[in-house]
């Protein structure tokens, strides 16, 4: 299939990005390059200097809301994409509202309890909507251990599912980028199989 046909097919879909940090910002950029029609991005945070080591932001954007900085960066990649930005903290009540109409949702949180919360919320309040999560991407090396696995009918996990972030094992750009792109690839695979 030619890229023009892939892009045309993907342009009719809406993808939610829950979190605009290392996973979310890089996944959103990859999806914008494929031709996704609409991205719904939600994050309450602002760009910090420490984020520049692994997130899709630039030094001049430090202090900006991540949703607005990411919108600006994505529009430089694909000015035709529709971006709906929500500068809010996600919770079990607002997730179904914010991501209403999304064909797939990408989880891109840092904290395990937030990951658990979105899985429960999407599977109970938005049944059937595919959710692509990231788990296990800290450190460096062992890229062969990173994989994507389908857990059930609508839940996918990308990463090594074991490497936890710590002071001694921080998330570095290469592994974070690989997992973010695995998430984007999983989204594309899901959507290419939809009519």
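Where a number appears in this text, it was derived from the coordinates with a stated rule and is not lab data. Every value quoted in this text rests on a predicted model; they were computed, and no experiment measured them. Because the Cβ atoms are built from the backbone with ideal geometry, glycine has one as well, and the counts that use them run over all protein chains shown.
Listing 1, 182 from the residue with the fewest other Cβ atoms within 10 Å to the one with the most, what is the order?
1, 182
Counting residues in the chain as N, plug N into 2.2 N^0.38 Å and put the Cα Rg over that result.
0.95
Along the Cα-to-C-beta direction of residue 112, a point sits 7 Å from the Cα; which residues of region 146-178 have their amide N less than 11 Å from that point?
Once the point is set 7 Å along Cα→Cβ of residue 112, 162-165 turn out to lie under 11 Å by backbone N, inside region 146-178.
Per DSSP H run of at least 4 residues, take -39500 (n - 2.57); add these up for the chain, divide by its residues and hand me the 222 nm value, nearest 500 deg cm²/dmol.
-11500 deg cm²/dmol
Within a 10 angstrom radius of the beta carbon, how do 56, 44, 3 rank from fewest other beta carbons to most?
Ascending number of Cβ neighbours within 10 Å: 3, 44, 56.
What percent do you get for the relative contact order of the chain when only Cα pairs under 8 Å and 6+ apart count? Kindly include the intermediate steps, with their values, before the conclusion.
Details: 389 pairs, mean separation 45.5, N = 195.
Result for the chain is 23 percent.
Compare the peptides 106-113, 145-152, 159-166 by average per-residue count of other Cβ atoms within 10 angstrom and give them in order, highest first.
106-113, 159-166, 145-152
Normalising by the residue count of region 1-97, find the relative contact order in percent from Cα pairs under 8 Å and 6+ residues apart.
Relative CO of region 1-97 lands at 30 percent.
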